[in-house]
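Read the figures in this text as sums done on the coordinates, not as results from a lab. Since the structure is predicted, the reported quantities are computational estimates derived from the model, not experimental observations. Cβ coordinates were reconstructed from backbone atoms using ideal geometry, including for glycine residues, and neighbour counts include every protein chain displayed.
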Amino acid sequence: MKLIIAAGGTGGHLFPGIAIAKALKKRSAEHQVSFIGLDRELEKDILKREGFSHQALEIGRIKGEGLKQRFTTFMSLPKAYRQAAALLEEHQPDVVLGIGGYSSGPVILAAMMKRIPRAILEPNAIPGFTNRMLGPFSNRIFVSFPEASRFFSKKKVKWTGTPVRHELTQVGINRITALNQRSFTILVLGGSQGATAINKAVVALLPAIKESGHMIRFIHQTGERDYEWVRSAYRTSGIAHEVTAFLRDMPVVYKQADLTITRAGASTIAELIETKTPAILVPYPFAADDHQKANAMSLVRTGAAEMILNNELEKNLAERIFYYEGNRDALEKMTQSLKQLGKNPASEAIVEECLKLNVPNA
């Protein structure tokens, strides 16, 4: 089977696509996978490292920007559609899979016009603008959260969960948390592009942590924009740390983390569930339809995570860090709750459905 995956914009869209691509290739080396995304260096670098081809569309954001930017984006849609149609003509895929992001729309619509079977993955509890528009034109709709099903035709929907990198599965299986013989390790994430509010809140706590004498160590992904000043603050603080703009070996860092402070993007939620990593979730307040808060609540309701809203972060974060550092039982309860949320590998379920789409009348 030849599969085209339309995924781009953020790592949250890209990594599930990579997990699906690897699951398909694992079944047979004869299966072919290509990605259509955006012309972004991080995106191209990740796919090159994973061994997948990448071609880009010229398109910007559709929602969440100013009026001028949205007008420019809509004006670029016809060109992006023509580019997508040309790429489909070139690759002749058997199935096209869209994973949200800005490239999915033109690719799925071009596939519809060419009568190519098509599916979409909605990784959030509240579907994004693009996927809501594409639902009627898709043959299958995979959802990560049951709550998302109500936005689509029930006969098309399959609840699969969010695909995660295979390497993370072993972290969850072999997880050893809160070892007394080492320092308390906090993993700080803000998505692939970083989160300035989280960066500022954590840096503001460093003097108090140092003064307390608590053995706390940080692994901190800052994003490119904030890397230099955050790294400088850690060096000045004297606290044990590993600071980087972008973390590449996630299985290693999740295995070290006793607690994660992170945004609540769909891929992050899926990785926390897969690795059984306790977390303080800080939903991005400007996410479309407040979907990150809905994502976070899916874990909070079951006791699998705690949520702190963005505007309460600096006021409450220190107290919660010290609480969990001194209450390992609370972390263990989160880990046990996360185990209850685990689902069979989403990537395998999606690959199976895509293979069925490649068979007439399946």
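What to note about this one:
- Straight-distance crosslink candidates among aspartates and glutamates, where the alpha carbon sits under 18 Å from K44 and sequence neighbours closer than 8 are dropped: E58, E224, D249
- Long-range HN-HN contacts of E122 with modeled amide H, under 5 Å: F142, V143, S144
- In nm, spacing of pseudo-spin labels at E147 and T196 (7 Å Cα→C-beta vector): 2.8
- Less than 5 angstrom separates the built amide H of T260 from those of L187, A279, I280, all sequence-distant by 5 or more or on a different chain.
- When the helices of the chain are scored as -39500 (n - 2.57) per DSSP H run of n ≥ 4 and the total is divided over every residue, the value at 222 nm lands at -14500 deg cm²/dmol.
- Expressed in units of 2.2 N^0.38 Å, where N is the residue count, the Cα radius of gyration of region 266-332 is 1.12.
- Within straight-line cross-link reach of K158, lysines at Cα separation under 28 Å, skipping those fewer than 8 residues along the same chain: K2, K22, K25, K26, K63, K114, K276, K293, K339, K343, K356
- Rounded to whole Å, the principal axis extents of the Cα atoms in region 168-341 read 41, 41, 30, largest first.
- For the chain, the alpha-carbon radius of gyration amounts to 1.00 times the rule-of-thumb value 2.2 N^0.38 Å expected for a compact globular protein.
- Computed from label points 7 Å out along Cα-Cβ, the spacing between S212 and E58 is 5.2 nm.
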